[in-house]
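Please read the structure below before turning to the comments.
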Amino acid sequence: MDLLALLEDRSEVTPTLNKHGYAFNCVSEFTKAFHDFAGTAKKPVIDVGCAFGFNTLHALNRGAKVHAFDMDQQHLSLLRNQSPREFTKRLHLVKAHFPQEFNFPDNSISGVLLANLLNFLHGIEVRVGLSEVFRCLEPGGQVFIESPSPYVKIRDDYIPVYEKAVADGLEWPGEVKNINDYGPEGLFVNFPNFIHIFDPNILTRELQLAGFTIEQSCYFRRPYTPEIACLDGREAVGAIGKKPIE
Ligand SMILES: C[S@@+](CC[C@H](N)C(=O)[O-])C[C@H]1O[C@@H](n2cnc3c(N)ncnc32)[C@H](O)[C@@H]1O
């Protein structure tokens with residue numbers, strides 16, 4: 001099987017089978033940074049919330065050992081069935097919840113990808129999750145994050161709500177109880193009601209609290225952002241944290 005042809009042939013997004021949004025089948029600057037890092041990793045990497053494994057397959061293609069971690073068995077089974085035979089020895093599927101069932105030994109992992117995953121977690125789960133990621137990474141190991149930001153055109157009625165929550169000093173200004181209150185009706189049909197939206201300040205704060213140094217933390221636009229979502233280049237947030245080498 002020609003893996004790269006398979007990855008390029010996919011449509012840009014695939015709806016998840018458990019109503020947890022859409023899996024992206026395109027490379028962004030933050031997922032590419034993870035793929036590149038995975039190609040140099042001495043220890044395994046983890047793709048948390050891997051869905052159908054687009055980023056897992058890229059990391060395997062770079063020669064990494066990968067734990068593909070997702071709460072949905074159907075996603076993992078599709079990934080296993082799609083993986084070329086030469087990859088299966090380096091692919092380990094983990095059906096589990098993050099962070100409650102994220103049980104990797106201390107210092108055993110080189111890199112972790114959290115792509116379009118933190119937006120499903122409450123603030124306290126994000127905090128616990130990042131400290132667990134920090135614990136299992138080897139010194140010098142890195143965590144790569146990408147997630148939706150408040151600044152999306154099609155739900156721009158949410159922007160003033162977010163900015164007020166920040167101005168009011170809320171610890172987690174982006175926790176949204178019902179995302180269906182925003183944007184046109186039917187936009188969030190393949191999502192749970194609760195969604196957590198981040199900005200770079202919150203990601204930086206939480207990464208530093210967990211012990212990471214910040215390699216990068218910024219707004220950016222994913223290359224596959226649809227026209228109706230494009231506001232001003234701040235549609236997504238990305239961050240890279242590094243576990244210090246003592
Ligand atoms: C929007 S998809 C993102 C897929 C991929 N990471 C990407 O960026 O395209 C979110 C995935 O995370 C999984 N997921 C959501 N919350 C999770 C949790 N708490 N623990 C494990 N997996 C979770 C869902 O099952 C789904 O496959």
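We did not get these values from a lab; they are worked out from the coordinates using the rules stated. Predicted, not measured: the structure shown is a model, and the values here were computed from it. FYI the Cβ positions are ideal-geometry reconstructions off the backbone, even for glycines, and counts take in every protein chain you see.
Here are the numbers:
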| read-out | value |
| --- | --- |
| Pairs, first free of Cβ contacts under 8 Å to residues at least 12 places away in the same chain in segment 44-58, second more than 8 Å from the ligand (Cβ to nearest atom) and aliphatic (A, V, I, L, M), C-beta under 6 Å, six or more apart | none |
| Matching residues in segment 19-50 - criterion: being of a type outside the set (D, E), in a helix (DSSP H, G or I) and touching a strand residue (DSSP E or B) at 6+ places or on another chain (Cβ under 7 Å) | F30, T31, A33, F34, F37, A38 |
| Complete set of residues in segment 165-198 that are among the aliphatic types (A, V, I, L, M), in a loop (DSSP other than H, G, I, E, B) and closer than 24 Å to S217 by Cα | L170, I197 |
| Any hit, segment 65-82, residues being within 19 Å of I240 (Cα to Cα), without any contact (Cβ under 8 Å) to a residue 40 or more places away in the chain and aliphatic (A, V, I, L, M) | yes |
| Residue ID - farthest from K95 (Cα to Cα), chosen from residues in segment 31-81 that are β-branched (V, I, T) and within 12 Å of the ligand (Cβ to nearest atom) | T31 |
| Filtered residue count, segment 14-27, keeping only those that are within 8 Å of the ligand (Cβ to nearest atom) and buried (at least 16 other Cβ atoms within 10 Å of the Cβ) | 6 |
| Test: residue in segment 54-72 that is among the charged types (D, E, K, R), exposed (fewer than 14 other Cβ atoms within 10 Å of the Cβ) and farther than 17 Å from F144 by Cβ | no |
| Conditions (1) outside any helix (DSSP H, G or I); (2) surrounded by fewer than 17 Cβ atoms within 10 Å (Cβ to Cβ); number of the one not met by A239 | (2) |
| Answer residue from segment 130-144, given it is on the phi < 0 side of the Ramachandran plot and among the small types (G, A, S) and is surrounded by the fewest Cβ atoms within 10 Å (Cβ to Cβ) among those | S131 |
| Whichever residue in segment 164-180 is exposed (fewer than 14 other Cβ atoms within 10 Å of the Cβ) and touching a residue at least 12 places away in the same chain (Cβ under 8 Å) and, among such residues, is farthest from L231 (Cα to Cα) | E171 |
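Results for (1) away from the ligand (no atom under 15 Å from the Cβ); (2) at negative phi; (3) more than 17 Å from the chain's Cα centre (by Cα), shown as yes or no for each residue.
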| residue | (1), (2), (3) |
| --- | --- |
| T88 | yes, yes, yes |
| K95 | no, yes, no |
| F104 | no, yes, yes |
| L118 | no, yes, no |
| V128 | no, yes, no |
| V166 | yes, yes, yes |
| P184 | yes, yes, yes |
